[in-house]
1. On the given criteria, is I56 under 30 Å from S141 (Cβ atoms), in contact (Cβ under 8 Å) with a residue 60 or more places away in the chain and in a helix (DSSP H, G or I)?
2. For a quick check of your reading of the model, give me the residue pairs whose first member lies in region 74-91 and is farther than 16 Å from L107 by Cβ, whose second is of a type in the set (G, A, S) and surrounded by 14 or more Cβ atoms within 10 Å (Cβ to Cβ), with beta-carbon atoms closer than 7 Å and at least 6 apart or on different chains.
3. Looking at this structure, is S35 among the small types (G, A, S) and either under 20 Å from the mean Cα position of the chain (by Cα) or not assigned by TED's automatic domain parsing to the domain that holds T111 (or both)?
4. Which condition breaks for S141 when tested against (1) closer than 30 Å to D81 by Cβ; (2) surrounded by fewer than 13 Cβ atoms within 10 Å (Cβ to Cβ); (3) out of contact with any strand residue (DSSP E or B) (no Cβ under 6 Å at 6 or more places or on another chain); (4) of a type outside the set (D, E, K, R)?
5. Go through region 73-95 and give me each residue that's in a strand (DSSP E or B) and either outside the structural domain of S131 (by TED's automatic domain parsing) or out of contact with any Lys or Arg (no Cβ under 8 Å at 6 or more places or on another chain) (or both).
6. I need the full set of residues from region 16-42 which are among the polar types (S, T, N, Q) and on the phi < 0 side of the Ramachandran plot, in order please.
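The values are calculated or read from the model by the stated rules, or taken from the named source; none is laboratory data. In this text the structure is predicted, and so the values were computed from the model without any measurement. Every residue, glycine among them, receives a Cβ derived from its backbone with ideal geometry; neighbour counts consider all protein chains shown.
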Amino acid sequence: MIRIDCIDIQIIKCLKENARINASEIGERVNMSVSAVIERMRKLETSGVIRQYTVILDHKKVGKDVSAFISVSLEHPKHNDKFIDEINKNPEIVECSYVTGDFDFLLKVITNSTDTLTELLNQIKSIPGVSLTRTLVVLSSTKNQFSVLPELKRKD
């Protein structure tokens, strides 16, 4: 685990708010030189703390009006790898988590309509080993964050 201090957290917070912010603006906010900010950002990137910079779309504005969570049970863990391979091929499945409980995987999907959701469900159900699915359609989202800021370890 990499050691992160309060300056690193401030830099990450700036990038979380706007990944396109430049190092000079971050430097002004955290009271550091541009070169020091760039060095810290490189350290966070090379250590894997910062995995990528990305764009967050408004899905409704690009015609993706339906979000859903699909719980999936597999007959046997021997099907896990093939299932994951098939899931990774579909761009409308934006998250796939291996979970505990009554189901094996939890998928988050974003698609055009209930018709395309039906097609997607049929594709998932046809993957070898899938024994059961349960779908929850999202009516609205009140919070949607992609990262959690680290906390400083306190010395007692």
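1. So I56 fails the test.
2. Filtered contacts from region 74-91: E75/G129; H76/G129.
3. For S35, the condition - among the small types (G, A, S) and either under 20 Å from the mean Cα position of the chain (by Cα) or not assigned by TED's automatic domain parsing to the domain that holds T111 (or both) - is met.
4. (1)
5. S73, L74 - these are the residues of region 73-95 that are in a strand (DSSP E or B) and either outside the structural domain of S131 (by TED's automatic domain parsing) or out of contact with any Lys or Arg (no Cβ under 8 Å at 6 or more places or on another chain) (or both).
6. Result: N18, N22, S24, S33, S35.
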